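Read-outs throughout are calculated quantities, based only on the coordinates presented, and are distinct from any laboratory measurement. Note that the structure is a prediction, hence the values are computed from the model and not measured. Cβ coordinates were reconstructed from backbone atoms using ideal geometry, including for glycine residues, and neighbour counts include every protein chain displayed.
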């Protein structure tokens, strides 16, 4: 992987730059025997928007199978990918180009495609994940048991890769919470009280992921998160969404896959005019069709 | 679907659309399939689930203008099997017939369709790679597929009345 990453990096340089690169830059990084330092050569050569895209991936657990479509939507929600210099191409296509560019430089691997040849998922090598964590610094933090705490007001993106007891106070102190743009809670036991603190303290969130919590209700307070662009409530138990969701006019992505109790969408969904991806995931297996029928009657009625 | 989904003209992903019948006053809040007509950005996969229908469905299916949805890769149309009865065969035929599709479509899945005829438009979907027909129990024959050079997979199951496939 390292050889490939360095070879790809060199192929982007003029031949005139090869010699100084091989004689100076490369040996400097290789000599201390730290592979991350060598890989960082490739990172250092990235344009800044791709640096952001890559560093953001440190939020995923190591070895995680990343859904590429949603990764691109996360980048867009954070403003790392913009359509300003893309002409008339849609921003998701620009995002895909960013992904392909990072893939070509070996920042991702193990790409899987769907039956139409669309890139579906990828993984990150552990060394690349270490590099992402290193370059993300305080900007993006993945909190693990016994690991880093949120204690810096430079932190913008946080994921929790540990079981959280949400009946206790959110483990992010207010001055830091209000600066956050991303909050991903990946596992844990849901407590309705958590909505109050999330909607009160995390006012600047662009991305909120509360997937797979067995959540029974979504609080109407959610309208307070008015900058929200990406809301993932997949794999939960709620039957409805509060009408106040329709006040989230900046929302681009609403992910509700595998919410098998969901009966209807809010009436005023047409108000969410920036919505680009409404994923209610109906493609269940046939043996689940009985359940599907029950769950979708409300979508029509 | 709730009224107004057709106003979300930036929508690229709409994983499913539920068609229901207008039976109660409350159902004035429901929209027909023609809501899709303005959703020019739709792409990827779409599943249409018919949970209720009436005569007006035919014009709504036509009004969906799926023929203009050039980025759609996969379309599934499935009917609630409980709706099926011998009186509606003609309506099924007309519903599917009026659902004209764009020739860029790569995958077509039809489940629990109660009509006797399969629309001839399928022969024009020259980019189809996969056709899956399931539980279409009155279907007697499948139109010629020899004009679909990209077709790799034709799977049929529970087509109890199928007599022949044109080749």
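I need the semi-axes of the equivalent ellipsoid of segment A:162-201: take the C-alpha gyration tensor, multiply each eigenvalue by 5, square-root it, list largest first in whole angstrom. Walk me through the numbers before you get to the answer.
Working: eigenvalues 54, 27, 15 Å².
Output for segment A:162-201: semi-axes of 16, 12, 9 Å.
Sort B:68, A:279 by Cβ crowding within 10 Å, fewest neighbours at the top. If you can, show how the numbers build up before the last one.
Numbers: B:68 14, A:279 20.
Ascending Cβ contact count within 10 Å gives the list B:68, A:279.
How far, in nm, would the chain grow between residue A:126 and residue A:168 when pulled straight, counting 0.36 nm per residue and subtracting the alpha carbon separation?
Working: separation 42, 0.36 × 42 = 15.12 nm, distance 3.25 nm.
Full extension of this stretch gives 11.9 nm more.
What full-extension length gain, to one decimal in nm, is calculated for residue A:250 and residue A:151 as 0.36 nm per residue of separation minus the Cα-Cα distance?
Full extension from residue A:250 to residue A:151 adds 32.8 nm.
For chain A, what does -39500 (n - 2.57) per DSSP helix run (n ≥ 4), summed and divided by total residues, give at 222 nm, in deg cm²/dmol to the nearest 500?
Numbers: 11 runs with 101 residues, N = 301.
After summing the helix terms and dividing by residue count, I get -9500 deg cm²/dmol.
Set the Förster radius R0 to 35 Å, insert the Cβ-Cβ distance between residue A:64 and residue A:15 as r into 1/(1 + (r/R0)^6), and round the FRET efficiency to 0.05. Each step should come with its number before you reach the end.
Numbers: r = 38 Å, r/R0 = 1.10.
In this case the efficiency is close to 0.35.
Relative to the first principal axis of the alpha-carbon coordinates of chain A, what is the inclination of helix A:91-104, with its axis defined by its Cα atoms, in degrees from 0 to 90 and to the nearest 10?
It works out to around 40 degrees.
When a footprinting reagent is the concern and you count Cβ atoms within 10 Å, what order do A:98, B:136 take, fewest first?
On the way: A:98 21, B:136 26.
Going from least to most buried by this count: A:98, B:136.
What angle, in degrees between 0 and 90 and rounded to the nearest 10, separates the Cα long axis of helix A:35-44 from the longest principal axis of the Cα atoms of chain A?
Once rounded, the angle reads 80 degrees.
Report the dimensions of chain A along its three principal axes from the alpha-carbon atoms, largest first, rounded to Å.
Sorted from largest, the Cα extents of chain A read 69, 44, 38 Å.
What is the extension gain from residue A:51 to residue A:237, computed as 0.36 nm multiplied by their sequence separation minus the C-alpha to C-alpha distance, in nm to one decimal? Working shown, then result.
Details: separation 186, 0.36 × 186 = 66.96 nm, distance 3.68 nm.
Extra length from residue A:51 to residue A:237 when fully extended: 63.3 nm.
Let me know the volume per residue of the alpha-carbon convex hull for segment A:137-300, in Å³. Mind dumping the intermediate values first?
Working: hull volume 18.3 nm³, N = 164.
Cα-based convex hull of segment A:137-300, divided per residue, equals 111 Å³.
Using helices alone, I'd like the mean residue ellipticity at 222 nm for chain B: each DSSP H run of four-plus residues gives -39500 (n - 2.57), total over residue count, nearest 500. Each step should come with its number before you reach the end.
Numbers: 2 runs with 17 residues, N = 167.
Calculated mean residue ellipticity at 222 nm is -3000 deg cm²/dmol.
Could you work out the relative contact order of chain A, using alpha carbon pairs under 8 angstrom and six or more residues apart, expressed as a whole percent?
Details: 534 pairs, mean separation 32.4, N = 301.
Relative contact order of chain A: 11 percent.
Name all residues of segment A:154-179 having a backbone nitrogen under 12 Å from the label point set 7 Å from the Cα of residue A:196 along its Cα→Cβ direction, giving them as ranges.
A:167-170
Let me know the shape class of chain B, please: from the alpha-carbon gyration tensor, a ≥ b ≥ c as square roots of the eigenvalues, rounded when a/c is under 1.5, otherwise prolate if a/b is greater than b/c, or oblate.
Details: a/c = 2.17, a/b = 1.23, b/c = 1.77.
Judged from the Cα gyration tensor, chain B comes out oblate (a/c at least 1.5, b/c at or above a/b).
Regarding segment B:125-166, what is the average projected area of its C-alpha convex hull, in nm²? Kindly include the intermediate steps, with their values, before the conclusion.
Details: hull surface 10.8 nm².
Computing the convex hull of the Cα atoms and averaging its projections yields 2.7 nm².
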